[in-house]
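As structure tokens, the structure follows; a few thoughts come after it.
Coordinate-derived values only; no laboratory data. The model shown is predicted, which means the values in this text are computed figures rather than measured ones. Glycine also receives a Cβ, built like all others from the backbone with ideal geometry; neighbour counts cover every protein chain displayed.
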Amino acid sequence: VQKIQLHITSDPRFLRLVRTTIDQISFIAGFSKLDRSKIVLAVDEACSNVIRHAYKEKPGLPIIITCIIRKHELAIDIIDQGEKVDIKSIKPRPLDEIRPGGLGVHLIKSVMDNVSYSHLEKVGNRLLMRKSLPKEAPIES
Amino acid sequence: MENVTLVEISGEVDLYSSPQLRRKVLELTKSKTPVILIDLKNVRYMDSSGVATLIEGLKSSHQYNGRLILSGLKLEVREVFELTRLDTVFEIYADSQAALESLAA
């Protein structure tokens, strides 16, 4: 088991740093280039949702991203200390409605095998995402 | 050929940079630009805030019977459109040349 933790604050400029790090972690975990880009997207969307919804775009607040590479899966845990988000309200919108917004949750759920939202004890939210490792390592650098 | 305005964007479109794209697109739709061709060939990454901006532009353009067309999507960017099933909503061309040729036809 390998564990990597990234601490950032709720500044959208840090999202690029998150994406680069998640791409590298997914590479180490053995995912293909296309799968890596999807995992990067899911984590980026999750962090963007924290900034927009839990922190209401207020900068300087903590986001902790913990990645664990296990034998069979990559688990990514994202914790914030923002306002508790109504978990029932977190759902993908129907895709036949052509309108901006609400696509992030759909993307996260499309990409990851398992997605669960929960509240932290006092304040804050937790999103745990899991994706099974590929059975065979991709042949690429 | 219809009057086409080509917009070339580059880099990564995310929560930080999409407001810049939004300003540009809405400036063009506000002035009722007949055809807006957005070339994404140099865009390495786009998240849902970028996609949402393009949907907003598409809908604004439809209000005055204009068109918003996309070209040059890299595999990773196309994937976002496919996952959200928006690849069927937008007119998408392989590159800007193909889009311009189609508009001229």
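Could you tell me whether segment A:76-135 comes out rounded, prolate or oblate from its Cα gyration tensor? Rule is a ≥ b ≥ c as square roots of the eigenvalues, rounded for a/c under 1.5, then prolate if a/b exceeds b/c, otherwise oblate.
oblate
Cα gyration tensor of chain B, axes a ≥ b ≥ c as square roots of the eigenvalues: rounded (a/c below 1.5), prolate (a/b > b/c) or oblate?
oblate
Take every residue in peptide B:14-24, count the Cβ atoms of other chains within 10 Å of its Cβ, and give the average of those counts.
Counting other chains' Cβ atoms within 10 Å and averaging over B:14-24 gives 4.
Check cross-link reach from residue B:32 to the lysines: straight Cα distance under 16 Å, and skip same-chain residues fewer than eight apart.
Result set, ordered by chain and number: B:24, B:59.
Which residues' amide hydrogens lie under 5 Å from the amide hydrogen of residue B:35, considering only partners 5 or more residues apart or on another chain, with H built in the peptide plane?
Placed amide hydrogens put B:5, B:67 under 5 Å from residue B:35.
Computed FRET efficiency, Cβ-Cβ of residue B:94 and residue A:13, R0 41 Å: what is it to the nearest 0.05?
With a Förster radius of 41 Å, E is 0.80.
List the residues, sorted by chain then number, that are 5 or more residues from residue A:84 or on another chain and whose placed amide H is less than 5 Å from its amide H.
The answer is A:124.
In whole Hz, with x marking every Gly and Pro, tabulate ³J(HN,Hα) for segment A:66-83 from phi via Karplus 6.51 cos²θ - 1.76 cosθ + 1.60, θ = phi - 60°.
10, 10, 10, 9, 9, 4, 10, 8, 10, 10, 10, 10, 10, 10, 10, 10, x, 4
Can you list the lysines whose alpha carbon sits under 25 Å from that of residue A:88, skipping same-chain ones fewer than 8 residues off?
A:38, A:56, A:58, A:109, A:122, A:131
Among the aspartates and glutamates, select those whose C-alpha is under 18 Å from the C-alpha of residue A:135, and discard any that sit fewer than 8 residues away in the same chain.
Straight-line reach from residue A:135, under 18 Å: A:35, A:73, A:113.
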